[in-house]
Structures are given as C-alpha cells and as structure tokens.
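A short write-up of the structure that comes next.
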Amino acid sequence: MKVQITFRAMEHSQAVEHYVQEGLQKLHKFLQKEPDPINIEVILEAHRQHHHHKVEIRIHSKHNHAIVEHEGPDLYQAIDYVIKHLIAEVKKRKDKFVDKQKHAGKVRTLDALQDEEDDLL
C-alpha cells in the first residue's frame, strides 16, 4: 500500500502525518486481500485567510476507486470524517462484490442443474 501525503498552504507536521497513517491502518484491514498496487493520496489543505481545513483522500486499486473529501475548522475531525466515510465506501463495495460472487455461484449451479435435466430427457 503506497501512501502519499501532501500538505497544501500549511507546514508539514509529523504529528498530523502520523495521525493520518494511524487512521489508514483501519482501512488496511479491508484492503488486505486486494491485489497490488494500492495507491492512496491524502491531500491536507488549509485555507489562507480563514481557519478552515480541507481533507481529501483518493484511493486507487484494481477494485476500488474512491474520492472522499471534507471541509471544516478542525483538521483532526476532518481527517476522522474522511477516513470513516472511506472505510464505509470500501466496505460497501466489498459487500457488493461478495454478494455478486455468491449470486454468480448460485446461477452457475442452476445452469448446471438445467444441463443435467436436459441430458436426462
């Protein structure tokens, strides 16, 4: 999992970078079985005139492509919000994929039964 963190219009902070890395570890659970490469871009941006922050996370992998962003006065709350919604998005897509695989398996067995029935007649 390749993570790129970009700070725009603000100083680079090891504490913020560490906080983002810890949050992304929660996401890693859902992407463990995902084939490589997994690219995650984190963009942290501060508004120049107001005490306002924007956080955007983009994930690119074979099965997941998502962009989640949030703006607010507290940087850490914005990071938590984006990571929480990104995890929900990845989980939703994973559940859809699993359901599709389960359904495809049932369809195949019905087709196999129909073929067997045709052979018997």
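The values are calculated or read from the model by the stated rules, or taken from the named source; none is laboratory data. All of these numbers come straight from a predicted model, not from anything done at the bench. Glycine also receives a Cβ, built like all others from the backbone with ideal geometry; neighbour counts cover every protein chain displayed.
Filtered by the rule that a residue be hydrophobic (A, V, I, L, M, F, W, C) and buried (at least 17 other Cβ atoms within 10 Å of the Cβ), segment 44-65 gives L44, V55, I57, I59. Restricting attention to segment 89-110, does a residue exist that is modelled with pLDDT of 85 or more and touching a strand residue (DSSP E or B) at 6+ places or on another chain (Cβ under 6 Å)? Looking for residues that are modelled with pLDDT of 85 or more and touching a strand residue (DSSP E or B) at 6+ places or on another chain (Cβ under 6 Å), one finds at least one in segment 89-110, hence yes. All conditions in (1) under 19 Å from K91 (Cβ atoms); (2) buried (at least 16 other Cβ atoms within 10 Å of the Cβ) hold for Q25, with the sole exception of (2).
Among the residues of segment 1-11, is any free of Cβ contacts under 8 Å to residues at least 24 places away in the same chain and over 19 Å from K91 (Cα atoms)? Yes; the residues of segment 1-11 include at least one that is free of Cβ contacts under 8 Å to residues at least 24 places away in the same chain and over 19 Å from K91 (Cα atoms).
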